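Engineer: Below is the structure I would like to discuss, written out as structure tokens.
The values are calculated or read from the model by the stated rules, or taken from the named source; none is laboratory data. Quantities reported herein were computed from a predicted structural model and do not represent experimental measurements. Here the Cβ is made from the backbone with ideal geometry for all residues, glycine too, and neighbour counts use every protein chain on show.
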Ligand code: NAD
């Protein structure tokens, strides 16, 4: 059996990545859509053969509770809207996948976790890289100390953002700038390569080169973590220019991914030679992985759930606080 997924929000990621990936998945299929745009509804119904009964708008969304075709609701909306739709999906009795960042505050993340727990439904975050072979390999290299203990990590993700009117540049919708959007990958990279949680953070905002476009959010910023083992990390995130690299220097060698966080193919090498791994569709691997556990009635691994989303959003907030105060912030383990 394939689980039926309903995508909520038919923007860039749903249209260009998730819907095409759902044509390749083994454990799930595109069963429904939730959109506020009637012309998109028509287009998607035709293109993906979606029956009218499985098409909702934001007002009728809660009626999804009565739809047996839909097992999983996948929330792909602007960051500030994740909380409301995850809670409503849980209340409708559906499992939920929510895009990253899970929400814009830790409190919202906790509400989402609580709502899913109360409904006895599972909550996964769109952490596609946790199902991606090159990423899994660098997790192994770092966490199993294949090149000895990790001493320092350079982990950065940024791109040149376009449209000055997009929601990503509005703090109320995005929660912040590039840190919220792609910086979260750099945080994850440092965490999954060391297999540790940071114990302190320092951070800095770079000067804005376009203060009009970036009046509401940061344009570029930097942060540093210390980990319990003594490992340290340094990261950059930016909407001004591109960077995408995860590098770990270890006692007896090094390894890196570059590109490290995009849709692939990722590329990796170590001090002993190239990393060879199968190239997969990230979105298909992620949705199939999540749905396999749901079909088998298994608990999802902690590192792809709301608990992990909350850890990252807590760190996002700590990084902003450290940059605003200019002080080193101690973090709770
Ligand atoms: P997008 O702007 O292209 O799409 C957002 C959708 O939300 C649009 O269809 C828009 O119509 C709809 N929407 C509904 N109400 C809205 C409102 N009040 N204001 C603005 N839009 C509204 O964005 P996207 O790039 O598809 O990103 C959506 C989510 O997916 C974000 O949380 C983003 O971080 C995440 N994302 C994740 C990945 C990944 O690799 N995992 C990649 C891209 C985006």
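Engineer: So residue 129 clears everything in (1) within 10 Å of the ligand (Cβ to nearest atom); (2) closer than 24 Å to residue 226 by Cβ; (3) without any contact (Cβ under 8 Å) to a residue 40 or more places away in the chain except one condition, right? Which one?
Structural biologist: The failed condition is (3).
Engineer: Right, here's the next one. Just give me the residues in the range 1-16 being within 15 Å of the ligand (Cβ to nearest atom) and out of contact with any strand residue (DSSP E or B) (no Cβ under 8 Å at 6 or more places or on another chain), in sequence order.
Structural biologist: 11, 12, 13, 15, 16
Engineer: List the number of the failed condition for residue 152; all other conditions in (1) crowded, with 18+ Cβ neighbours inside 10 Å; (2) away from the ligand (no atom under 11 Å from the Cβ); (3) at positive phi hold.
Structural biologist: (3)
Engineer: Still on this structure, please answer the following. If a residue must be more than 16 Å from residue 290 (Cβ to Cβ) and within 12 Å of the ligand (Cβ to nearest atom), how many such residues does the range 69-91 contain?
Structural biologist: 9
Engineer: Return the residue satisfying two criteria in turn: it lies in the range 191-217 and is touching a residue at least 60 places away in the same chain (Cβ under 8 Å) and in a loop (DSSP other than H, G, I, E, B), and of such residues it is farthest from residue 250 (Cα to Cα).
Structural biologist: Result: 199.
Engineer: Of everything in the range 156-172, what is more than 16 Å from the chain's Cα centre (by Cα) and part of a helix (DSSP H, G or I)? Give them in sequence order.
Structural biologist: Listed by number, the residues that qualify are 167, 169, 171, 172.
Engineer: If you go through the range 30-47 one residue at a time, how many are surrounded by fewer than 18 Cβ atoms within 10 Å (Cβ to Cβ) and either away from the ligand (no atom under 12 Å from the Cβ) or not in a loop (DSSP other than H, G, I, E, B) (or both)?
Structural biologist: 8
Engineer: Here's another thing I want to ask about it. Look at the range 48-89 and say how many of its residues are farther than 19 Å from residue 17 by Cβ, touching a residue at least 24 places away in the same chain (Cβ under 8 Å) and surrounded by 17 or more Cβ atoms within 10 Å (Cβ to Cβ).
Structural biologist: Matching residues across the range 48-89 total 13.
Engineer: Looking at the range 48-65, which of its residues are in a loop (DSSP other than H, G, I, E, B) and more than 14 Å from the ligand (Cβ to nearest atom)?
Structural biologist: Listed by number, the residues that qualify are 49, 50, 51, 60.
Engineer: Out of the residues in the range 92-126 that are within 14 Å of the ligand (Cβ to nearest atom) and more than 15 Å from the chain's Cα centre (by Cα), which is surrounded by the most Cβ atoms within 10 Å (Cβ to Cβ)?
Structural biologist: If we take residues in the range 92-126 being within 14 Å of the ligand (Cβ to nearest atom) and more than 15 Å from the chain's Cα centre (by Cα), then 112 is surrounded by the most Cβ atoms within 10 Å (Cβ to Cβ).
One line per residue, one yes/no per condition, for (1) within 17 Å of residue 315 (Cβ to Cβ); (2) surrounded by 15 or more Cβ atoms within 10 Å (Cβ to Cβ); (3) not assigned by TED's automatic domain parsing to the domain that holds residue 104:
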residue	(1), (2), (3)
196	yes, yes, yes
207	no, no, yes
219	no, yes, yes
226	yes, yes, yes
230	no, no, yes
235	yes, yes, yes
239	no, yes, yes
244	no, yes, yes
257	no, yes, yes
